[in-house]
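The values are calculated or read from the model by the stated rules, or taken from the named source; none is laboratory data. Bear in mind that the values here come from a model prediction, so they are computed numbers and not experimental data. Quick reminder, even Gly has a Cβ in these numbers, built from the backbone with ideal geometry, and neighbours come from all protein chains shown. In case anyone asks, the SASA skips ligands and DNA or RNA and just uses the protein heavy atoms, side chains included. Shrake-Rupley method; radii C 1.70, N 1.55, O 1.52, S 1.80 Å.
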Amino acid sequence: MATLIEVLAAVGVLLLIPKVYGLLSFIWLYVRPSSVHNYLHGPKPAWAIVTGASDGIGKAIAQELYDKGFNLILHGRSEQKVRAVVEGLRARSTATGARDVRYFLADAGAPGHDFAKLVAPYSDLNITLVVHNVGGSSDVRNERLDKRSEAEMLCDFHLNAAFPLFLTRVLLPQLRTSAKHGPVLVQFVGSLASEIGPPRLPLYAASKAFLKGLTRALDNDERAWSPTGVHFTYMYVGEVVTNSMKTDVSLGSPSAETFAKAYVARIGCGWRRYHPYVIHAIQDWFMQGLGENVVDRFVMKRMGELVVQLEKRS
Ligand SMILES: NC(=O)c1ccc[n+]([C@@H]2O[C@H](COP(=O)([O-])OP(=O)(O)OC[C@H]3O[C@@H](n4cnc5c(N)ncnc54)[C@H](OP(=O)(O)O)[C@@H]3O)[C@@H](O)[C@H]2O)c1
């Protein structure tokens, strides 16, 4: 007969197994070799779409993908800025030779786009990766919801949620064709805001949470009954130094280039929701351990500093 101590030890081991498995999977996520090359497949050259690619994280991800061997379709709203990025990429000489870079323009915060028409010029391309990077908050001000107009709120919703959703909708048949030859990935770019609900950014936080919900449901939609090979993932983004987050580069606030390298290294990692940048993951884990009240107080303090900084600049 097992003693009480033996029973308790067995229960302890059973409870520990998922924790140890979780820790090992977490470590593996950040040390495993990149699978990005798995998306360079098919009878024709592989293409990636990156939205909001004229600056910040999107531009840095486009550069990383170009260097890894992808042809690119970039999206932006300012022709001058997107063209500068396209020309910069074309001038880049890499070990794997030159690739094609194209672009399209659309104000992602505005309603009423003909999405099918926007992507029609690329309908015969082998698109294997879509990075829905465009997003942000139209204006970060020290004002509550009732001071915002409906038009402003709709703009934030279009920019962060409707634009990626409607673009995905028109691309899906083409992505399923590409997926006949290998894996195809649709990447939604989220934010820690969806987890921590920062004050003065309710629409932004909720729009990113919308993308998170969409990720799992669409991924299951493509997998159920007759799997198509198209997968959806959601990345959490913490502070990254860009035009939208004008702070100093530090370990917790990397440059867009450092963040983009971390993202491209994680492509194809098999996780549906994850932090590409390990320090953000540790910050998030630590915050979850602290509980909501402590995190809320910390987030309020940090948002207060950011709002003051932004108001001084504008
Ligand atoms: N940086 C952070 O700390 C942080 C944190 C959490 C999540 N994120 C997310 O990461 C993504 C990229 O952010 P970022 O920091 O790199 O921002 P960013 O530096 O401001 O760049 C945003 C990109 O999107 C484009 N864009 C913005 N509004 C647009 C519109 N209405 N129509 C078309 N294009 C538009 C910008 O074009 P222009 O060049 O013309 O401005 C730029 O190319 C966003 O989804 C953001 O929510 C960032």
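Here are some notes:
- Protein-only accessible surface order, largest first, of THR228, THR3 at 1.4 Å: THR3, THR228
- The chain: calculated mean residue ellipticity at 222 nm from DSSP helix runs of at least 4, using -39500 (n - 2.57): -16000 deg cm²/dmol
- Cross-link partners for LYS59 among the lysines, with Cα-Cα distance under 26 Å and sequence neighbours closer than 8 places in the same chain left out: LYS44, LYS68, LYS81, LYS117, LYS208, LYS212, LYS246, LYS261.
- Taking all pairs of distinct alpha-carbon atoms in the stretch 103-174, Kirkwood radius in angstrom: 13.7 Å
- Count Lys and Arg as plus one, Asp and Glu as minus one, and take only other residues whose Cβ is under 15 Å from that of ASP67; the net charge is then +3.
- The mean sequence separation of alpha-carbon pairs under 8 Å and at least six residues apart, normalised by the residue count of the chain, gives a relative contact order of 19 percent.
- For the stretch 33-313, a crude dipole built from +1 on the beta carbon of Lys and Arg and -1 on the beta carbon of Asp and Glu, taken about the Cα centre, is about 380 debye to the nearest 20.
- Normalised per residue, the volume of the convex hull around the Cα set of the stretch 125-268 (Å³): 125 Å³
- Carbon and sulfur %, accessible surface of the stretch 62-217 computed with the full protein complex present, 1.4 Å: 53 percent
- Selected from GLY268, GLY252, GLY291 as most flexible by GNM, with the chain as the system and alpha-carbon contacts under 10 Å: GLY291
- Size of electric dipole in the stretch 235-293: Cβ of Lys, Arg +1 and of Asp, Glu -1, about Cα centre, debye, nearest 20: 260 debye
- Spin-label model, SER250 to LEU24: label points 7 Å out along the Cα-to-beta-carbon direction sit 3.6 nm apart.
- Sorting the segments 12-24, 181-193 by their residues' average number of neighbouring beta-carbon atoms within 10 angstrom, most packed first, yields 181-193, 12-24.
- Accessible surface for the stretch 134-285, divided over its residues, is 45 Å² per residue with a 1.4 Å probe.
- In this label model, ASP67 and THR3 are separated by 6.0 nm, measuring between points 7 Å along each Cα→Cβ vector.
- In summary, the stretch 23-70 shows an alpha-carbon radius of gyration equal to 1.42 times the 2.2 N^0.38 Å reference for compact globular proteins.
- One quarter of the convex hull surface built on the alpha carbon atoms of the chain amounts to 20.6 nm², the projected area averaged over directions.
- The stretch 76-123: relative contact order in percent, alpha carbon pairs under 8 Å with at least 6 residues between: 41 percent
- Remark: accessible surface ordering of LYS81, LYS301, LYS208, LYS312 (largest first) is LYS312, LYS301, LYS81, LYS208, probe radius 1.4 Å.
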